[in-house]
Amino acid sequence: MNVLIIGSGGREHTFAWKLIQSSKINKLFVAPGNAGTEAIAVNLNIDISDFQAVKNAVLSHGIHMVVVGPEAPLVEGIHDFFLEDETLKTIPVIGPQKEAATLEGSKEFAKEFMNRHNIPTAKYQAFTSETLGEGKHFLEKMTAPYVLKADGLAAGKGVLILQDVEEAKRELEAMLLNSKFGNASKTVVIEEFLEGIELSCFVITDGKHYKILPYAKDYKRIGEGDKGLNTGGMGAVSPVPFVDEVFHRKIEEQIVQPTIEGLKKDGISYKGFIFIGLIKVGDQPKVIEYNVRMGDPETEVVLPRVKNDLLEVFKALANTELDTVDLKIDQRTAVTVMLVSGGYPEGYEKGMEIRGLEDVRNATAFHAGTLRKNGKTLTNGGRVISLTAFGNTMQEALSIAYDTAGQISFEGKYFRKDIGFDL
Ligand code: AMP
Ligand code: GLY
């Protein structure tokens, strides 16, 4: 089979690394990809929000399946575009259609979905510019910290957690009246603050059956001790030690099953990954958010633990036969440590030469923001390389990943040295 992966980050390099291990893969393409995917597949330099360009690539390269990494093309309806096109409609797309992708594309839609299907989540109310006054009044009735969420996609920046009620009111006004997050903050969800430890649950579903993939925990803040600005993710660990059998069953029964059943009841078709952001409040799991894709860098620890042929899993998904798949999971611990450009998540420079990649032995270097140019591998984004290692314990895996992090160099390199600190 010829497969096209859409995206260009560490998640997509990991998909490519995993798919290329399948004996059934003939040609693998990644659009637009990075230096890591270029080494194992064919990069196609196309704009992934231009579906006509994706169509042309699919037809000219004889592609049999499309795997969508990031949320934006899903929320913009790439899967629907395929289904509505006579020449594309039989080509399976791994990733949900537009309506289902609204679970990530609109926080209000997701909250209404959870309430309708009794899925535990923070209490909330949604406001628009017309109801700004009510929103301020709602804030006055709540206690700190105040959680304000832009309804739409805001590149991971749309959530504000504030201690002061007056500041919360000002921010609400900036979001609703001054488009602080553009169109994304035309509606704002204000919700109850949940205190607890976060984890990520990954589900793959064909709309009828589902499988729960290994749990992971990611480290979102730039600074050690989880301080400082939010990033796309600075590292991840899988499995999550505090998810025991009892807690796992609660997640499955109270959250995963009602989510899959809720989609069916609402008549929303779903073929792809569901990434459920969870928080453990006391002994109870609660949903913070849905994403309609895999996490990054969680993919870099989750997929390496899955022993199955990923192409076979995707084929079963496309054929609504996921029940025939028996997932085999590596019981060891996987960790990943993200090397980032100096200055990230604020301004940073690109184009720094990355050295030492060819000497990586015991870990796997998944490329995120990298570019191959004139025989050199250069930095090309904030998050640059994700180093994944296995161990019988988390400490063992971390020591391999950190040794490797020391061997790779580029100007401005930064990484967190405390991945897993809270486990
Ligand atoms: P989100 O973009 O929805 O993932 O939110 C970003 C981050 O804000 C989450 O990873 C949490 O750390 C935090 N967060 C979101 N909602 C809540 C909440 N209701 N209570 C506490 N923290 C939250
Ligand atoms: N690592 C969090 C995310 O992918 O959204």
ALA236 - would you say it is within 26 Å of GLY382 (Cβ to Cβ) and surrounded by 15 or more Cβ atoms within 10 Å (Cβ to Cβ)? yes
Could you identify the single residue in THR393, THR364, THR388, THR370 that is within 20 Å of LYS220 (Cβ to Cβ) and in contact (Cβ under 8 Å) with a residue 60 or more places away in the chain? THR388
Residues (out of contact with any helix residue (DSSP H, G or I) (no Cβ under 6 Å at 6 or more places or on another chain), open to solvent by less than 70 Å² (accessible area, probe 1.4 Å) and in a helix (DSSP H, G or I)) located in segment 174-185: ALA174, GLY182, ALA184
Does segment 289-300 include one or more residues that are surrounded by fewer than 19 Cβ atoms within 10 Å (Cβ to Cβ) and more than 16 Å from ligand 1 (Cβ to nearest atom)? no
Filtering segment 117-151 for residues that are loosely packed, with under 13 Cβ neighbours inside 10 Å and under 18 Å from ASN291 (Cα atoms) leaves a count of 0
Got a sec? Which of GLY156, GLY223 is more than 10 Å from ligand 1 (Cβ to nearest atom), open to solvent by 10 Å² or more (accessible area, probe 1.4 Å) and in contact (Cβ under 8 Å) with a residue 40 or more places away in the chain? GLY223
So which residues in segment 246-286 are farther than 23 Å from LEU317 by Cα and in contact with a helix residue (DSSP H, G or I) (Cβ under 6 Å, 6 or more places away or on another chain)? PRO285
Mind checking whether some residue in segment 245-255 is within 16 Å of ligand 1 (Cβ to nearest atom) and either in a helix (DSSP H, G or I) or touching an Asp or Glu at 6+ places or on another chain (Cβ under 9 Å) (or both)? yes
Residue by residue through segment 214-225, note down the ones that are part of a loop (DSSP other than H, G, I, E, B), within 14 Å of ligand 2 (Cβ to nearest atom) and either β-branched (Val, Ile, Thr) or farther than 19 Å from GLY158 by Cβ (or both). TYR215, TYR219
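When you go through GLY36, GLY77, GLY69 one by one, which is the residue that is without any contact (Cβ under 8 Å) to a residue 60 or more places away in the chain and closer than 27 Å to GLY381 by Cα? Walk me through it before giving the result.
Working: GLY36 fails: without any contact (Cβ under 8 Å) to a residue 60 or more places away in the chain; GLY69 fails: without any contact (Cβ under 8 Å) to a residue 60 or more places away in the chain.
Only one candidate qualifies: GLY77.
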Residue satisfying all of: in segment 1-21; open to solvent by 10 Å² or more (accessible area, probe 1.4 Å) and outside any helix (DSSP H, G or I); nearest to GLY232 (Cα to Cα) among these: GLY9
With the checklist (1) open to solvent by 10 Å² or more (accessible area, probe 1.4 Å); (2) away from ligand 2 (no atom under 16 Å from the Cβ); (3) hydrophobic (A, V, I, L, M, F, W, C); (4) within 21 Å of GLU12 (Cβ to Cβ) in hand, flag the one item VAL243 doesn't pass. (4)
Identify, from the list GLY267, GLY207, GLY282, the residue that is open to solvent by 10 Å² or more (accessible area, probe 1.4 Å), more than 16 Å from ligand 2 (Cβ to nearest atom) and within 20 Å of the chain's Cα centre (by Cα). GLY207
Looking at PRO73, is it part of a loop (DSSP other than H, G, I, E, B) and within 24 Å of THR299 (Cβ to Cβ)? no
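The values are calculated or read from the model by the stated rules, or taken from the named source; none is laboratory data. Since we're looking at a predicted model, the values are computed, not measured. FYI the Cβ positions are ideal-geometry reconstructions off the backbone, even for glycines, and counts take in every protein chain you see. What goes into the accessible areas is simple: the full protein's heavy atoms, side chains included, and nothing from ligands, DNA or RNA. Shrake-Rupley method; radii C 1.70, N 1.55, O 1.52, S 1.80 Å.
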